[in-house]
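This structure is in structure tokens; I'll ask about it shortly.
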Amino acid sequence: MNSQDNSDSKPKGKQSPDQLSATAAKNHTSGAGQSMWGGRFGGGPSAIMQEINASIDFDKRLYREDIAGSTAHSEMLAAQGIISVADKDAIHKGLTQVQREIEAGQMVFDPALEDIHMHVESRLRELAGDAGARLHTGRSRNDQVATDFRLWCRTAIDQLDAAYKALLTAIVDQADTHAGAVMPGFTHLQTAQPVTLGHHLMAYYEMFTRDRARLSDCRKRLNENPLGAAALAGTSFPIDRHQTSDLLGFDKPMANSLDAVSARDFAMEFLSVMSIGAVHLSRLADEIVLWATSAFRFLELSDGFSTGSSIMPQKRNPDAAELVRAKVGRITGSMTGLMMVMKGLPLAYSKDMQEDKEPVFQAVDDFALCLAAMTGMMIDLKPNTKNMAAAAGLGFSTATDLADWLVRVLGLPFRDAHHITGAVVKAAETKGVDLSDLPLKDMQAIEPRITADIFTVLTVEASVSSRTSFGGTAPENVKKAVGAARETLK
């Protein structure tokens, strides 16, 4: 999900240490622009401290959520009589103006103001005067940032859910078209039994449906409101946290103020869900890479999702699939990184937790791009069903069908049938023929009761058609699964 806003178009350039110190000193003494904690300190922070402390370069992505949270908070403050209605109206007007300025690229971001929360508040004070200064009543940056981050993650999940739906629809369309297209099924990357391409693709439908459900579960758990927990202990003002929860679309306020400001398990869970999803995307991407090789020739990708070689003009490289396969490293790395940040932190808030947003932002961008690329490839790819069908018959892939016939028709115990089938496969291998081309007399030399009826089960088409058990590869099963999927995706 590319959530970059227009504010990125006018970033403030790097300042020298002297410039940084001068800016900081100015902000400590200049009214609306003063540092929020300046009253406790006689001098400004060092340039190095200011650079490591500032998060505006990445948390400016939270400006919409910050303004939404501030709007809801001021609405509640006025409803509770903590601020006047006139102050509330001035705050709302000012916040609307701040959002317009950010989206127009007019706000100059200053590391001396540290983060998006102080940028919004500082500009609001310039626009609304004392009314803007009253906005922070009954809250802290600790609960403010936790609220903003949950709102951002919730929006990201909703966007990823829509992306998943598009991918699942593309998979179902291909599976429907190729419900009866025979291909080899593999174990250990060795030909095992014939399956259909539709059945193979619907396996990924099931995986991605579970991934989508995990996103939904994650959203339910994160959709609780930290706002009003203040720094860590709540507030003495008569705030109404249920009202802000309703205004912001949260299910309820978080029950413990310490937990509200210090919990980041919602972000770790979100990263975990994306990591699992990225692994599944990587598995499908790897199959696309494999199937596009000249050795397999199971499919083609168009120029839209392929690149060429700088030296070998015949090459068509499935780079989009390879990059989806590679991105899993970045996404799982983001998950591990945040877990290492959080692993040793005592309650409640520590500055370490400023490091929570960048890995989530990066992972969401990468994961959304992977979903979009996979959807595009799934729509674009053209299976070579002729090559797939030819490969499906290699490697004695109908041997299990022969064994099943011996059990079903001759009443043999499966282990005995398995032994006889192995001997038949060896005979066919010795003669250099497929099972369906091995003469009946050669089979009868191994098991005299085998009849010509055996040849009705030794074709790949007959094999896949016979697999009618629930969840099996039979084309009629695939069609039913496709129908059920379409109903689910409506």
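The values are calculated or read from the model by the stated rules, or taken from the named source; none is laboratory data. Model, not experiment: these values are computed from the prediction. Using ideal geometry, Cβ is built from the backbone for each residue, glycine included, and neighbour counts are taken over all protein chains shown. What goes into the accessible areas is simple: the full protein's heavy atoms, side chains included, and nothing from ligands, DNA or RNA. Shrake-Rupley method; radii C 1.70, N 1.55, O 1.52, S 1.80 Å.
May I ask you to list the residues in the range 148-170 that are free of Cβ contacts under 8 Å to residues at least 12 places away in the same chain and open to solvent by less than 10 Å² (accessible area, probe 1.4 Å)?
none
If the Cβ limit is 6 Å and pairs must be 6+ apart or interchain, which residue in the range 461-490 that is at pLDDT below 95 pairs with which residue that is acidic (D, E) and open to solvent by less than 40 Å² (accessible area, probe 1.4 Å)?
The qualifying pairs are S463/D401.
Inspect the range 217-236 for any residue being assigned to a helix (DSSP H, G or I), open to solvent by less than 50 Å² (accessible area, probe 1.4 Å) and touching a Phe, Trp or Tyr at 6+ places or on another chain (Cβ under 9 Å) and give the result as yes or no.
yes
Considering (1) open to solvent by 20 Å² or more (accessible area, probe 1.4 Å); (2) closer than 30 Å to L323 by Cβ, say which one L394 fails and leave the rest.
Checking L394 against (1) open to solvent by 20 Å² or more (accessible area, probe 1.4 Å); (2) closer than 30 Å to L323 by Cβ, the one that fails is (2).
Name the residue, out of R123, R139, that is among the basic types (K, R) and in contact with a Ser or Thr (Cβ under 8 Å, 6 or more places away or on another chain).
R139
Is it the case that the range 121-130 has a residue that's among the acidic types (D, E), open to solvent by less than 20 Å² (accessible area, probe 1.4 Å), under 27 Å from M49 (Cβ atoms) and not in a loop (DSSP other than H, G, I, E, B)?
no
When you check L410 against the structure, is it aliphatic (A, V, I, L, M), open to solvent by less than 70 Å² (accessible area, probe 1.4 Å) and farther than 30 Å from A179 by Cα, yes or no?
Yes, satisfied.
Does the range 420-428 include one or more residues that are among the basic types (K, R), open to solvent by 60 Å² or more (accessible area, probe 1.4 Å) and closer than 25 Å to E476 by Cβ?
No, that holds for no residue.
Any residue in the range 235-260 that's within 13 Å of N223 (Cα to Cα) and among the β-branched types (V, I, T): show its pairings with residues that are modelled with pLDDT of 95 or more and part of a loop (DSSP other than H, G, I, E, B) at Cβ separation under 7 Å, as long as the two are six or more apart or on different chains.
So the pair list comes out as T244/L227; T244/G228.
Please go through the range 95-107 and pick out each residue that is open to solvent by 40 Å² or more (accessible area, probe 1.4 Å) and assigned to a helix (DSSP H, G or I).
The answer is T96, Q97, Q99, R100, E103.
Which condition from (1) of a type in the set (S, T, Y); (2) assigned to a helix (DSSP H, G or I); (3) more than 12 Å from the chain's Cα centre (by Cα) is the one that Y349 breaks?
Status for Y349: all satisfied but (2).
Restricting to helices (runs of 4 or more DSSP H) lying wholly in the range 371-435: which have 3 or more residues that are free of Cβ contacts under 8 Å to residues at least 40 places away in the same chain?
Result: 399-410, 414-431.
Residue by residue, here is whether (1) part of a helix (DSSP H, G or I); (2) open to solvent by 20 Å² or more (accessible area, probe 1.4 Å) holds:
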residue: Q50; (1), (2): yes, no
residue: S74; (1), (2): yes, no
residue: K88; (1), (2): yes, yes
residue: K93; (1), (2): yes, yes
residue: A112; (1), (2): yes, no
residue: H119; (1), (2): yes, no
residue: G138; (1), (2): no, no
residue: A146; (1), (2): yes, no
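Being open to solvent by 40 Å² or more (accessible area, probe 1.4 Å), part of a helix (DSSP H, G or I) and within 30 Å of D173 (Cβ to Cβ) narrows it down to one of A462, A484, so name that one.
Of the residues listed, the single one that is open to solvent by 40 Å² or more (accessible area, probe 1.4 Å), part of a helix (DSSP H, G or I) and within 30 Å of D173 (Cβ to Cβ) is A484.
Shifting gears a bit: Please specify each residue of the range 338-358 satisfying the condition of being of a type in the set (G, A, S) and surrounded by 15 or more Cβ atoms within 10 Å (Cβ to Cβ).
A348
Does D176 qualify as being surrounded by fewer than 22 Cβ atoms within 10 Å (Cβ to Cβ), in a helix (DSSP H, G or I), over 25 Å from the mean Cα position of the chain (by Cα) and of a type outside the set (F, W, Y)?
yes
Here are V273, V279: which of them is modelled with pLDDT of 95 or more and open to solvent by less than 20 Å² (accessible area, probe 1.4 Å)?
Every option except V273 fails the conditions.
Exactly one of (1) more than 30 Å from N256 (Cβ to Cβ); (2) in contact with a Gly (Cβ under 9 Å, 6 or more places away or on another chain) is unmet by R325. Its number?
(2)
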